[in-house]
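Let me begin by presenting the structure, written as structure tokens, before commenting on it.
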Amino acid sequence: MENVQWKVEGMDCSSCALTIHKYLEKQGMKNVKVNSVSGDVSFEMNGGAATPKLVKGLSDLGYQVANQQQVTEKKKPFFSTHLHRFLFCLPFALVFVLHMIAGLHIHFLENPWLQLGLTIPVYLVGMDFFGRSAWKSLRNGLPNMNVLVALGSSAAFVYSLYGTLTGQAENFMFYETSVTIITLVFLGNYLEDASIQSTQRELRKLVKSQKVMANMIAFDDKHQEQIFPVENTQLRVGDLILIRSGEQVPIDSKILWGDAHINEAIVTGESLPVHKYAKDKLIGGSVITDGTIKAQVTAVGDDTVLAGIINMVKQAQGEKPPVQQLADKISAIFVPLVIGIAVVALGVNWILMKEFTPALMRSIAVLVIACPCAMGLATPAAIAVGLGRAAKNGILFRNATSLEMFKNITQVVFDKTGTLTTGKFIVSGFRFLVDDDSEFKKIAYSLEKYSNHPIAKSITDEWKTNDEIRWNKIEEIKGLGMKASDKEGNEYWAGSFNVAKEFTKEDNHNIYIVKNNQLLGWIDVKDEIRPEAKSVIDYLHRKNIKTILLSGDRRAKCEALAAQLNIDEVIAEQTPEQKLQKIADLNAATPTAMVGDGINDAPALAKATIGISMSEASQVAVQSAQVVLMSQGLKKLPMALGLGKATYVTIKQNLFWAFAYNIVAIPVAAFGFLTPTFGALVMGLSDVVLAINSVRLFVKKVE
């Protein structure tokens, strides 16, 4: 199954996105996601139509796939943007406006043939865009809003042309209606494009930071070090680079020499520099605030952290949360419905007023004031801003649904080790029941070396030795610990109290070492509570969100931690399977978020309403979570919760405005209280209002 990602140009509204979505599904593509705001289109290709056929098909629909010119070989039109079209039409429209303003009547402009001559250029440009788009959408059975604009402007033009050709111009002069409709809709489309682009600004900042210059280290024939400036796109894994104070880290790498303070705000949202040393990893896009280092490139292209973040945000923006489904259903039938209302308005007004001209103007007003774009834009604009602000602050959402689902969360479940605590342990004490401590340490190191658990890493860091035991077989048993056998057949365990409960009643130690069903000793480690944990728990309580500690650790330790942090409920001594069942039970009662970081948390993270992981967590935990907190610790959890709820409120506001606008505006136009010209202006501005309301999310307080 090949995953394809395209940038498609020419999308003007959600109707365009729906057209592209339906076309790709019809061609056999799976998991189609279309983002009308950014133009990103992704889908999975498994057989079906070939890429050139898909590109040509989209081209026939009026859309262009970026970087596929070699396939389509289609020239770019002279009027390539809404701004170009608006600026071309504006002088003609101003002539008509000045003519209509009281006191500025220009008598020679009352000549119908001159007005026809001034209208034709505008009408041709308008129909080249609106008419072409309308025809293609009708041909594919998915009429878009350009159908309404084309019908409205064409009705006024044809009606005026009929009067001119039949010598009845004084009763049929509505050329200005056609010209101003086309001009003002182009203005509205331009303003809409400009305001929507502002919703993408945070994502564009990330994209822009991807291409920078790097100082590549190479060696001449005398093995002398040489520095060559190259673009980071030319770097390959294994290349050596020099990064000086004040420079941007050009690409993901690992420090080989030196130490430096690194500002990782572009990824984590944290402006406080982090001190990093040899062997520490650097994220491309971060900035060296102090120090000079030499590093080795560890990832390039789409494998870098920044590229992964950008790709994740784009995919999430292309998804539709549940709240968008109603708007999509209405948008799909909106254009035919408006045409029907316009026809009814024409007939009823003609009958009541007994005059065709004013009845036609009211019908045209209905066509041009209706705005299906507003309904389609309501959710994508808010989602784009919400995800962009989240990414800027080091919060990554894998999908738009999880952003919306935060509104329902009533309880948050926390893992203990590495989540509420730092996960950075030190050995605080140990006791051995063998001849000497060196043998005990060797056994413990040899077992824990193969575990990724934070406690195991703390032991191996302190007790590292070259004289380790070579195991015949070793495996990690989830919920218990490490089990191994040597070449002589001896069986060893390093694990929790569960592996030693038959040999001792002391259950207050962290790691027990067992050989052939004989207790060799135990190890105690000390872990620190994350400094922000208490404030995060207090925040959740202020929001009436219940807190639960779910851990595989001993009950006494869990209850002591819960008492310090004021956590509501403790569920201790749980295996991964039991954790999964507990999360399932909690979810069944009320929507639940789970915060974890270890391999044993992965199933529970996937099962929770929203799974939340931290960036330093195990890869399995990160992949299982719907939300990843990139900055170290829990400090971004309140913002994630607040941003999710604020985004949902913005979506509801946008949808209310979109529906209320059309519910009010269409009857007002049908009863003659709005001219077609004013209707065209208000229609264009309606989308701008939604985009501006969405952009407010960038600065709105969300915690």
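Consider K442 carefully, then state whether it is assigned to a strand (DSSP E or B), charged (D, E, K, R), closer than 22 Å to K515 by Cβ and assigned by TED's automatic domain parsing to the domain that holds G521.
Values: assigned to a strand (DSSP E or B): no; charged (D, E, K, R): yes; closer than 22 Å to K515 by Cβ: yes; assigned by TED's automatic domain parsing to the domain that holds G521: yes.
No, not satisfied.
Considering segment 390-437 alone, what residues qualify as being of a type in the set (F, W, Y), closer than 14 Å to G644 by Cβ and not in a helix (DSSP H, G or I)?
From segment 390-437, those of a type in the set (F, W, Y) are 397, 406, 414, 425, 430, 432; that's our starting set.
Next, only the ones that are closer than 14 Å to G644 by Cβ stay: 397, 406.
Hit for segment 390-437 is F397, nothing else.
Against the condition exposed (fewer than 14 other Cβ atoms within 10 Å of the Cβ), within 28 Å of the chain's Cα centre (by Cα) and farther than 30 Å from Y492 by Cβ, how does A588 come out, does it pass? Can you show your working first?
On the way: exposed (fewer than 14 other Cβ atoms within 10 Å of the Cβ): yes; within 28 Å of the chain's Cα centre (by Cα): yes; farther than 30 Å from Y492 by Cβ: yes.
So A588 passes the test.
Could you check A456 against (1) under 25 Å from A625 (Cβ atoms); (2) not charged (D, E, K, R); (3) not in a helix (DSSP H, G or I) and say which number it fails?
(3)
Search segment 497-519 for residues being farther than 20 Å from T421 by Cα and touching a Phe, Trp or Tyr at 6+ places or on another chain (Cβ under 6 Å), and hand back the single one that is modelled with the lowest pLDDT.
D507
Tell me which of these L367 doesn't satisfy, since it passes every other one: (1) assigned to a helix (DSSP H, G or I); (2) under 13 Å from the mean Cα position of the chain (by Cα).
Status for L367: all satisfied but (2).
Which ones in segment 457-499 are over 47 Å from the mean Cα position of the chain (by Cα) and of a type in the set (A, V, I, L, M)?
I469
Is it true that some residue in segment 165-174 is in contact with a helix residue (DSSP H, G or I) (Cβ under 6 Å, 6 or more places away or on another chain) and among the hydroxyl-bearing types (S, T, Y)?
Scanning segment 165-174, I find no residue that is in contact with a helix residue (DSSP H, G or I) (Cβ under 6 Å, 6 or more places away or on another chain) and among the hydroxyl-bearing types (S, T, Y), so the answer is no.
Could you check, for segment 522-532, whether at least one of its residues is within 29 Å of the chain's Cα centre (by Cα) and either at pLDDT 90 or above or of a type in the set (D, E) (or both)?
Yes, the conditions are met somewhere in segment 522-532.
Within segment 603-621, can you find the residues that are buried (at least 24 other Cβ atoms within 10 Å of the Cβ), modelled with pLDDT of 70 or more and part of a helix (DSSP H, G or I)?
A604, L605
For segment 569-584, name all the residues that are surrounded by 15 or more Cβ atoms within 10 Å (Cβ to Cβ) and touching a strand residue (DSSP E or B) at 6+ places or on another chain (Cβ under 8 Å).
Scanning segment 569-584 gives V570, I571, A572, Q574, K579, K582, I583.
The values are calculated or read from the model by the stated rules, or taken from the named source; none is laboratory data. Keep in mind that what you see is a predicted model, and the values were worked out from it rather than measured. Positions of Cβ are generated from backbone atoms using ideal geometry, with glycine treated the same way; all protein chains shown enter the neighbour counts.
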